[in-house]
Amino acid sequence: MKAKPGIPSILKTAFINALVALVLFSLMVGIRTEAGASGQLTYWTRFGELASLVGAVFGGSIVIELLRQWIGPTGAENLVPPAVKSGMSFIGRYLAPALLIFTLLVPVIFYDQRYILDLAILVLTYVMLGWGLNVVVGLAGLLDLGYVAFYAVGAYSYALLATNFGWSFWVCLPLAGILAAFWGVLLGFPVLRLRGDYLAIVTLAFGEIIRLVIINWQDLTGGPNGVSGIPRPSFFGIPLDNSDDGLAAKLDIEYSPTHRIVFLFYLILALALLTNWATIRLRRLPIGRAWEALREDEVACRALGINTTTTKLTAFATGAMFGGFAGAFFATRQGFISPESFTFQESALVLAIVVLGGMGSQLGVALAALAMIGGFELFRGLETYRMLVFGMAMVLIMIWRPRGLIGHRAPTVYLTKAKAISSDLVKEGHG
Amino acid sequence: MSGDKILSVDRLAMRFGGIVAVQDLSFAAERKKITALIGPNGAGKTTVFNCITGFYKPSGGAIRLTHDDGRTIALERLNDFRIAKQAKVARTFQNIRLFPGMTALENLMVAQHNALMRASGFTFLGLIGAPGYRDAEKRAIDLATDWLRRVNLLDRADDAAGNFAYGDQRRLEIARAMCTEPALLCLDEPAAGLNARESAALSALLLSIRDELGTSILLIEHDMSVVMEISDHIVVMDHGVKIAEGTPREVRDDPKVIAAYLGADEEEAAAVMEGGS
Amino acid sequence: MDYFTQQLINGLVLGSIYGLIAIGYTMVYGIVGMINFAHGDVFMIGGFIALITFLILISFGLTAIPLILLVVLLVSMAITALYGWTIERIAYRPLRHSFRLAPMLSAIGMSFVLTNYSQVAQGARVKPIPPFITGGYTLHESTDGFVIQLSNIQIMVVVTTVVLLALFTWLVSRTRLGRDMRACEQDQTMAALLGVDVDRTISMTFVIGAALAAVAGLMYLLYYGTVDFFMGFVAGIKAFTAAVLGGIGSLPGAMLGGLAIGLIETFWSAYFSVGYKDVAAFSILIVVLIFMPTGLLGRPEVEKV
Ligand SMILES: Nc1ncnc2c1ncn2[C@@H]1O[C@H](COP(=O)(O)OP(=O)(O)O)[C@@H](O)[C@H]1O
Ligand SMILES: [Mg+2]
């Protein structure tokens, strides 16, 4: 290797970085503007903050340069030695069952901690969304930037059917999924022959269209005010409340609002596991293999007589359906929904979970959802800094592991032994 | 040329904007025979394949496929996946197109997609684990295993196709095409990049496909030792038109063919002479 | 008819701003094949820097409006260009030969960073400035009292756009940098073998794209009189839609797409409903792509098998 850069060169790099930072931050940080009482803009200087930021960049650059020398030129990949890697794959085998058992026990362990239960429900919702989108992006290799649209369709389907017609959650849940799948087919049919980034922008546009229609169609959706008073789910007909025919009264136990939270927890866990089960099964069926083959090479699929349009459509519709289920759950959990919950940021978050998880890996997606939502939650106190840190984390994680946490694919069928396939061989689709 | 034709190409033309890739091309392929399509690089052979297999829509002409039962299909009117699915024409590609992130076995399972889809009740029966589907899957694995054995890749069934050596990938692609149980197999330069031993094995494989399974083969090939050894009939193209056809012996002695190759490339011309003598 | 003409003018002005942003998307796409999701936010940063520079200059007692405009233009172009350069260095260059989705996610992350950076640094409230450039021309006054107005600021937006486009076309077609850019677009490996400094060319692409976005930011500030930290998202998506509509990778396409989106939006608001103007723009994008899968001026993709 080349000679290591000496101290002067490190200092020089740090100095240049600091200089760039000085120019970048000069006006944006050094000057603070605010509209005064009369609407007149005023400004004041913040040179102290500016100086400390530039200083931080200077110091940070030195640290990074030193670290880089220390680790070596190939960068972060080498941070994990092979022994640890093989150890990790060993853990990997037992990680999924262990995680599942732990998840099942969460309401028991944290029964008194409402906050943790709520957070766990949130994480599971994103696990489910991630698994749903994984069918589209991870398996079929179709880039969907508007997944949140199907989440919204599911949520509004349940909310409107329940508030207008009084239909129960258990009737609406399948309907929400079917309606979302229906919208998936409706969008997918004309656009799925588009390739790559054209498909990406069309799905993004579709997500925005759905959101804007919800905002504007006030008679139906309540517009920006959303839908409130959405019925809470019942335990198969028995309400989970304080009333005389509530579950607590029937079981002759003392009522506690936690019952409902625990019920919601197991409900979303069941829905997520259903998604997982269906995906694992589908992967081993011809349709699932066709999805993955499509991701690998669409032209070859056509030469083998696979109808690529319907194959893509089924992937799109399946993913949409799971999104619809998750949406219905979201509506019943919140009791209130509004278009604010269905922005592009949500789609991006779910996509980030899928990519970070390692496209196509069920365990990876679950871990990524836990890391992302949990990590996001850690910064709750810092409100405005939260998205800033989240964005930075996204950039850094992609640079660190462009292929996601779980970097291999498990075969769907084998003769003698299932061998993991390195993700370097796995394609990621063009559509 | 007499006998039972499986494929007849009639006045086929293919233009890309101003470029005329194929012009007024007519030939036929006989059932249960190996028909070779040869010609210098850029002659338009791959384009003919793409027209037959529906990847290009021909600018003119007709392509007819006649099945054993006498059913005739106009291939130029079907689009790609239907040609493989309904007309039972399978193909390989000049630039190998396997599913690199899937195992060899998975590649061959994907090839049986349509049969398995039907068996899985379009997924619904499969999802609930119906026994009928499980039997069908077992049979599909058996067929795949059989083909892996034929192409001598059985011990690598569970390895990712992307990790295979070049020659192995070529053979796997042929096995994958055969798993669709085609009536006509179209191979685009299957011997390209193979060494002499691999080429010989390939010839044997193709002959066994013809003789044991009775599958008709349409073959594009540059390796004249393979072409001359196994072809029943040869069609020679140059600059998009047919310049000669006949048995290997007839073609080898045709001065037009020699001139075409000489005009194209010294090495290829030498290959023609060598392969033929 | 008068109403129509007025809307046409408004639509063209809005379309010019979209077009300027769209060029940044299309350039980056053409050369590195990625959607630079952060580009809308670069536009927003450009607007903010212009605003802050204005404030400072005015508080220094400067009154000559042309001079102020010139300084603001140069400062915001320069600093925003540096933002473009830095973003490429930090978030995209390490991922240049990586998997397709990695740079896209990195770009989305970068977009979040910029949005929230500016929220943290400058607060969440909308920032208004007093109108700088006032006055205009009355083109036509009909008997029922309807007037067609062409304001000076509208003229300025369109003239600036045309001048920049001319400059930019010259840059791409006549200069060495433009030649290098086209070479990298065709084949980066080959370009590198022929002695093109690929890294530098890509950096310059981001720098130019960001500078154009800064101009768009300034125009937006002058035209609408406000900036806010969230304006990059909507404008960015619109401009990206414009780039795709025009055929991504095509520079005239970007401008054409920008004008188309600007006109659709304006006319839809004028004749149908304001609330659904974006729905109209996105729906037309989808419809166009169904019939022209590579946009209005995009090169059709040939599938070689
Ligand atoms: N999709 C396409 N677009 C434009 N020209 C093509 C296309 N496909 C093939 N061609 C042209 O057709 C001619 C024949 O090519 P090809 O069929 O690949 O030749 P061969 O397989 O005999 O070497 C070449 O000149 C090639 O450039
Ligand atoms: Mg060829």
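Nothing in this text is a laboratory measurement; each read-out follows from the coordinates by a stated rule. These numbers were taken from a predicted model, which means no experiment stands behind them. Quick reminder, even Gly has a Cβ in these numbers, built from the backbone with ideal geometry, and neighbours come from all protein chains shown.
Highest GNM mean-square fluctuation, chain B, Cα pairs closer than 10 Å: which of B:Gly44, B:Gly18, B:Gly54?
B:Gly18
Show me the trypsin sites (Lys or Arg not before Pro) within region B:8-112 that DSSP assigns to loop and that have at most 13 other Cβ atoms within 10 Å of their Cβ.
Here the sparse-neighbourhood loop sites are B:Arg71.
By the scheme Lys and Arg +1, Asp and Glu -1, what is the net charge of all other residues having a beta-carbon under 15 Å from that of A:Ala326? Provide the component values of the computation, followed by the final result.
Working: positive: A:Arg333; negative: A:Asp144, A:Glu346.
Combined, the nearby Lys, Arg, Asp and Glu give -1.
Determine the calculated [θ] at 222 nm for chain B from helices alone, applying -39500 (n - 2.57) to every DSSP H run no shorter than 4 residues and normalising by the residue count; nearest 500 deg cm²/dmol. Walk me through the numbers before you get to the answer.
Numbers: 12 runs with 117 residues, N = 277.
When only DSSP H runs of four or more count, the value is -12500 deg cm²/dmol.
Taking the number of other C-beta atoms within 10 Å as the exposure measure, put C:Thr160, C:Thr5 in order starting with the fewest. Could you put the intermediate results ahead of the total?
Working: C:Thr160 20, C:Thr5 14.
Exposure proxy ranking, most exposed first: C:Thr5, C:Thr160.
Taking 8 Å as the Cα distance limit and 6 or more residues as the minimum spacing, I'd like the relative contact order of chain C as a percentage. Provide the component values of the computation, followed by the final result.
Numbers: 491 pairs, mean separation 110.1, N = 305.
In percent, rounded to a whole number, it is 36.
Quick one: 3J(HN,Hα) in Hz for region B:136-146, Karplus 6.51/-1.76/1.60 with θ = phi - 60°, rounded, Gly and Pro as x.
Karplus values, whole Hz, x for Gly and Pro: 4, 5, 4, 5, 5, 5, 4, 4, 4, 4, 4.
Once you average over the residues of C:272-280, how many Cβ atoms of partner chains fall within 10 Å of each Cβ?
Values: counts 0, 1, 1, 7, 6, 1, 7, 9, 2.
Counting Cβ atoms of other protein chains within 10 Å of each residue's Cβ and averaging gives 4.
Taking H placed 1.01 Å from N in the peptide plane, check which residues at least 5 places from A:Ile31 or on another chain put their amide H under 5 Å from its amide H.
A:Arg46
Quick check on the exposure proxy: order B:Glu198, B:Glu245 from fewest to most C-beta atoms within 10 angstrom.
Details: B:Glu198 17, B:Glu245 21.
Fewest to most other Cβ atoms nearby, the residues stand as B:Glu198, B:Glu245.
Is there a simple number for the mean count of other chain Cβ atoms within 10 Å of the Cβ of residues in C:84-97, and what is it?
On the way: counts 0, 2, 5, 1, 0, 2, 4, 7, 3, 1, 7, 4, 0, 1.
Per residue, the average neighbour count from other chains is 3.
Taking neighbour counts of Cβ atoms within 10 Å as a proxy for exposure, in what order, fewest first, do A:Trp131, A:Trp277 appear? Provide the component values of the computation, followed by the final result.
Working: A:Trp131 30, A:Trp277 12.
In order of increasing Cβ crowding within 10 Å: A:Trp277, A:Trp131.
Under a Cβ-Cβ cut-off of 15 Å, what is the net charge of the residues other than A:Asn225 that fall near it, where Lys and Arg count +1 and Asp and Glu count -1? Present the calculation step by step, with values, prior to reporting the outcome.
Values: positive: A:Arg211; negative: A:Asp219, A:Glu340.
Charge balance near A:Asn225 sits at -1.
Could you list which residues have their amide H under 5 Å from that of C:His140, counting only those 5 or more apart in sequence or on another chain, with H placed in the peptide plane?
Sorted by chain and number, the residues that satisfy this are C:Ile148.
Which cross-chain or sequence-distant (5 or more) residues have an amide H under 5 Å from the amide H of B:Ile243, H modelled 1.01 Å from N in plane?
Under 5 Å from the amide H of B:Ile243: B:Val236, B:Met237, B:Asp238.
Kindly provide the helix-only [θ] at 222 nm of chain A, computed as the sum of -39,500 (n - 2.57) over DSSP H runs of four or more divided by all residues, to the nearest 500 deg cm²/dmol? Present the calculation step by step, with values, prior to reporting the outcome.
Working: 16 runs with 286 residues, N = 431.
Here the helix-only value at 222 nm equals -22500 deg cm²/dmol.
With a Cα-only, solvent-free Debye model of chain C, what are the log10 I(q)/I(0) values at q = 0.11 Å⁻¹?
For chain C, the Cα-only Debye profile gives -0.68.
For region A:331-345, take each phi angle, set θ = phi - 60°, evaluate the Karplus expression 6.51 cos²θ - 1.76 cosθ + 1.60, and give the result in whole Hz per residue in order, putting x for glycine and proline.
With the stated coefficients, region A:331-345 comes to 5, 6, 5, 6, x, 8, 9, 8, x, 4, 7, 10, 8, 4, 4 Hz.
Name the residue, out of B:Leu105, B:Leu127, B:Leu25, whose mean-square fluctuation peaks in a Gaussian network model built on chain B with Cα pairs under 10 Å.
Looking only at B:Leu105, B:Leu127, B:Leu25, the biggest GNM fluctuation is shown by B:Leu127.
Calculate one ³J(HN,Hα) per residue across region B:123-135 by plugging θ = phi - 60° into the Karplus curve 6.51 cos²θ - 1.76 cosθ + 1.60, and present them in order as whole Hz with x for glycine and proline.
Ordered by residue, 3J(HN,Hα) equals 5, 5, 5, x, 5, 8, x, 4, x, x, 5, 4, 4 Hz.
Partner chain Cβ atoms within 10 Å, averaged over the residues of A:381-390 - can you pull that number for me? The partial results should precede the final answer.
Values: counts 0, 1, 1, 5, 4, 2, 7, 10, 3, 4.
Whole-number average of other-chain Cβ neighbours for A:381-390 is 4.
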